[in-house]
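Novice: The structure under discussion is supplied below as structure tokens; questions concerning it will follow.
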Amino acid sequence: DAGHRSAGRRPVLPAPLLQFAWDVRQGLSASPKQLSSKYFYDKQGDALFQAIMHMPEYYLTRSEYEILDMHKERLLQLFCNDSGRFNLIEFGAGDGLKTKLLLRHFTGAGIDFRYIPIDISQNVLETLTADLRQSIPGLQVEGICDDYFRALHQLGQTSDRRNVVLFMGSNIGNFSEPQALDFLSRLSSELNPHDLILIGFDLKKDPGQILAAYNDRAGITRAFNLNLLQRINGELGGEFDLDQWEHYPLYDPISGEARSYLMSRRAQQVYIEALDETYQFAAWEPIHVEISRKYDLAAIGHYASNTNFRLVEHFFDCRHYFVDSLWEK
Ligand code: AVJ
């Protein structure tokens, strides 16, 4: 209906929605059009990502689980410096499935450590800490709901323990190279000498296998990406017809970038109420929505040495699909 278009009275949005609206406006006005993958993770998106991790094609989670299981003793040895006490800080903890494996092992070994998950979703944090208090009695767990760096900064001023930061799951792969270097430099500047960081990187491998991980046969990744349009509809009053969009992943073995696009199946225009704006899409015009970068060991070494870290050790799964790389400040 045209009524709400001509009303000229836009609803006042709360701050997080305002940021979302602003980013959608920027992204859809850009050329080529783009939307940020950070907006995938609403309630529905969290659930779809959980489902992706169980898809047979999505090897990343199982590979990293295998790494932590195989190397948990060595990791613990390296985490404990002279005092044997440390803060185990996790960026973007999610459901904690992989971390639980470490937490169980460390608790069982009688280690004096605190687990500090940092997440920007209060919902994710509450679910995780409640679950951990239940399933690992005796674990000291204190979540912080904040921006990673603000949380880290605050911690640095209240604790004299060694910090061990976990940034797993190849979450770093969602950053472009300059973004990743900037993120790691900022992280390094917030840490104290001898603090550690364990970062998960997905490694370059058979391109067919990488592509399959982002195009599972059951169509969960497709639903995950299309959910972004659904979210714009639900939260910003968008009028995307999901049947007119297609999920299109591709992989460039030179840059190591797996990229996902939403493709407009026909020429169409889409109104978004909160922006009071109509966007034009040509037939088969893409919206870039995600980078999931794959690395080789040279690129990883380059990242460490350019952001003021020293590479301590690489931990691989049996197939060398994935690496958890341990760095010291
Ligand atoms: C959570 C960012 C690691 O890039 O592999 C999975 C997200 N996107 N399938 C990834 C994702 C499509 C995932 N990360």
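The values are calculated or read from the model by the stated rules, or taken from the named source; none is laboratory data. From a predicted model like this one, the values you see are computed outputs, not experimental measurements. Cβ sites come from the backbone with ideal geometry, for glycine too, and all protein chains shown count toward neighbours.
Novice: From Tyr115, Tyr148, which residue is aromatic (Phe, Trp, Tyr), within 19 Å of Phe183 (Cα to Cα) and touching a helix residue (DSSP H, G or I) at 6+ places or on another chain (Cβ under 9 Å)?
Specialist: Result of the check over Tyr115, Tyr148: Tyr148.
Novice: Among the residues of the stretch 107-134, write down those that are at positive phi and touching a residue at least 24 places away in the same chain (Cβ under 8 Å).
Specialist: none
Novice: Run down Phe315, Phe281, Phe322 and say which single residue is modelled with pLDDT of 95 or more, more than 16 Å from the ligand (Cβ to nearest atom), farther than 30 Å from Leu236 by Cα and among the aromatic types (Phe, Trp, Tyr).
Specialist: Phe315
Novice: Right, next: Residues Arg114, Arg62: which one is within 16 Å of the ligand (Cβ to nearest atom), closer than 23 Å to Leu132 by Cβ and basic (Lys, Arg)?
Specialist: Among Arg114, Arg62, only Arg62 is within 16 Å of the ligand (Cβ to nearest atom), closer than 23 Å to Leu132 by Cβ and basic (Lys, Arg).
Novice: List pairs: first in the stretch 220-240 and basic (Lys, Arg), second within 16 Å of the ligand (Cβ to nearest atom) and at pLDDT 95 or above, Cβ under 6 Å, 6+ apart or cross-chain?
Specialist: Note: pairs meeting the criteria are Arg222/His247.
Novice: Next question. Select, from Arg104, Arg150, the only residue that is closer than 20 Å to Leu191 by Cβ, free of Cβ contacts under 8 Å to residues at least 40 places away in the same chain and either part of a helix (DSSP H, G or I) or more than 16 Å from the ligand (Cβ to nearest atom) (or both).
Specialist: Arg150
Novice: Quick one: in the stretch 105-117, which of the residues that are in contact with a Leu (Cβ under 9 Å, 6 or more places away or on another chain) and of a type outside the set (Phe, Trp, Tyr) is surrounded by the most Cβ atoms within 10 Å (Cβ to Cβ)?
Specialist: The extreme case among them is Pro117.
Novice: Something else: Does at least one position in the stretch 212-224 carry a residue that is modelled with pLDDT of 95 or more and of a type in the set (Ser, Thr, Tyr)?
Specialist: Among the residues of the stretch 212-224, at least one is modelled with pLDDT of 95 or more and of a type in the set (Ser, Thr, Tyr), which makes the answer yes.
Novice: Show the residue pairs that are 6+ apart or on different chains and have beta-carbon atoms under 6 Å apart, the first residue being within the stretch 198-212 and within 30 Å of Asn163 (Cβ to Cβ), the second being surrounded by 18 or more Cβ atoms within 10 Å (Cβ to Cβ) and of a type in the set (Asp, Glu).
Specialist: Close Cβ pairs satisfying both conditions: Leu198/Asp324; Gly200/Glu64; Gly200/Asp324.
Novice: Answer yes if at least one residue in the stretch 247-254 is surrounded by 17 or more Cβ atoms within 10 Å (Cβ to Cβ), over 27 Å from the mean Cα position of the chain (by Cα) and modelled with pLDDT of 95 or more, and no otherwise.
Specialist: The answer is no; no qualifying residue exists.
Novice: Checking the conditions here, which among Ser188, Ser159 is out of contact with any His (no Cβ under 9 Å at 6 or more places or on another chain), away from the ligand (no atom under 16 Å from the Cβ), assigned to a helix (DSSP H, G or I) and on the phi < 0 side of the Ramachandran plot?
Specialist: Only one candidate qualifies: Ser188.
Novice: Residue under question is Ile67, and the condition is that it be within 16 Å of the ligand (Cβ to nearest atom), surrounded by 14 or more Cβ atoms within 10 Å (Cβ to Cβ) and of a type in the set (Val, Ile, Thr); does it hold?
Specialist: For Ile67, the condition - within 16 Å of the ligand (Cβ to nearest atom), surrounded by 14 or more Cβ atoms within 10 Å (Cβ to Cβ) and of a type in the set (Val, Ile, Thr) - is met.
Novice: Of all the residues that make up the stretch 59-98, how many are more than 27 Å from Arg150 (Cα to Cα) and either within 18 Å of the chain's Cα centre (by Cα) or aliphatic (A, V, I, L, M) (or both)?
Specialist: Residues flagged as more than 27 Å from Arg150 (Cα to Cα) and either within 18 Å of the chain's Cα centre (by Cα) or aliphatic (A, V, I, L, M) (or both) within the stretch 59-98 amount to 10.
Novice: Let me ask something else. I'm checking my understanding of the structure. Among residues of the stretch 34-56 that are outside any helix (DSSP H, G or I) and more than 10 Å from the ligand (Cβ to nearest atom), which one is farthest from Leu17 (Cα to Cα)?
Specialist: Pro56
Novice: Sticking with this structure for a sec: Restrict the check to the stretch 195-204 and report whether at least one residue is part of a loop (DSSP other than H, G, I, E, B) and within 16 Å of the ligand (Cβ to nearest atom).
Specialist: Yes, that holds for at least one residue.
Novice: Moving on. Kindly indicate which of Asp195, Asp202 is more than 19 Å from the chain's Cα centre (by Cα) and crowded, with 16+ Cβ neighbours inside 10 Å.
Specialist: Going through Asp195, Asp202 in turn, just one is more than 19 Å from the chain's Cα centre (by Cα) and crowded, with 16+ Cβ neighbours inside 10 Å: Asp195.
Novice: Given the conditions (1) surrounded by fewer than 17 Cβ atoms within 10 Å (Cβ to Cβ); (2) at negative phi; (3) touching a helix residue (DSSP H, G or I) at 6+ places or on another chain (Cβ under 7 Å), and given that Asn308 satisfies all but one, which numbered condition is not satisfied?
Specialist: Failing condition for Asn308: (2).
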